[in-house]
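Accompanying notes for the structure given below.
The values are calculated or read from the model by the stated rules, or taken from the named source; none is laboratory data. Computed from a predicted model, the values in this text were never measured in an experiment. Cβ placement follows ideal geometry from the backbone for every residue including glycine, while neighbour counts extend to all protein chains displayed. Ligands, DNA and RNA are excluded from the accessible area calculation, which covers all protein heavy atoms including side chains. Shrake-Rupley method; radii C 1.70, N 1.55, O 1.52, S 1.80 Å.
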Amino acid sequence: THRITIMSSRLNNYLRSHRRRVGLSQSEVAFLLGTYEGGRVSRYEKGHRIPTLRTALAIATVFGASLSNLFSGIQTGVDGEVFPRIKQLRARLEKRRKEHRETAADAHKLRWLDERWPGARNHSDSEA
């Protein structure tokens with residue numbers, strides 16, 4: 001099984017704070033999610049269980065909050081895992097460009113990476 005590493009300064013999720021702010025019990029949230037198991041909501045809040053995507057989307061609907069806000073600790077961990085791979089992909093595409101093997105699709109991907117992930121640009125790319 002895959003363990004998600006969370007930064008200690010950030011909670012795994014903010015489900016409990018959202019639930020308490022609106023005054024709902026765990027059983028009431030469970031009902032809104034289509035189950036009668038308040039214990040399941042407790043396990044989500046404590047980070048003992050990660051909800052399915054469908055359940056996470058339902059939670060976001062219930063609280064009117066984004067998934068990245070509700071599960072910001074998990075989001076931070078995922079960002080930390082994905083960003084290095086984004087940099088690696090950009091480096092591969094840039095290498096193809098320097099070797100004059102770049103396709104139109106590669107150029108399109110590089111433009112997208114530059115727009116979406118400007119921090120993924122290699123230092124040597126800006127010098128070229």
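Quick notes on this one:
- Residues that are closer than 20 Å to Phe83 by Cβ and open to solvent by 70 Å² or more (accessible area, probe 1.4 Å), drawn from region 100-121: Lys109, Arg111, Trp112, Glu115, Arg116, Pro118, Arg121
- Considering residues of region 70-126 that are among the small types (Gly, Ala, Ser) and within 19 Å of the chain's Cα centre (by Cα) only, the residue nearest to His18 (Cα to Cα): Ser72
- Residues satisfying the stated conditions in region 36-62, i.e. over 16 Å from Gln75 (Cα atoms) and of a type in the set (A, V, I, L, M): Val41, Ala58, Val62
- Qualifying residue in region 55-64 (condition: surrounded by fewer than 16 Cβ atoms within 10 Å (Cβ to Cβ), more than 24 Å from Val29 (Cβ to Cβ) and among the polar types (S, T, N, Q)): no
- Lone unmet requirement of (1) open to solvent by less than 30 Å² (accessible area, probe 1.4 Å); (2) modelled with pLDDT under 95; (3) of a type in the set (A, V, I, L, M) for Ile50: (1)
- Among residues of region 106-128 that are farther than 12 Å from Glu94 by Cβ and modelled with pLDDT of 75 or more, those with a Cβ under 8 angstrom from a residue that is of a type outside the set (Val, Ile, Thr) and assigned to a helix (DSSP H, G or I), sequence gap 6+ or separate chain, pair up as Trp117/Phe83; Trp117/Arg90; Gly119/Phe83.
- Boolean, Ile6 is surrounded by 15 or more Cβ atoms within 10 Å (Cβ to Cβ), of a type outside the set (Lys, Arg), at pLDDT below 95 and within 21 Å of the chain's Cα centre (by Cα): yes
- Taking each residue of region 23-35 that is open to solvent by less than 50 Å² (accessible area, probe 1.4 Å) and looking for partners that are assigned to a loop (DSSP other than H, G, I, E, B) and basic (Lys, Arg) with beta-carbon atoms closer than 8 Å, six or more apart or interchain, yields nothing.
- Residue in region 65-73 that is open to solvent by less than 70 Å² (accessible area, probe 1.4 Å) and either on the phi > 0 side of the Ramachandran plot or touching a residue at least 60 places away in the same chain (Cβ under 8 Å) (or both) present: yes
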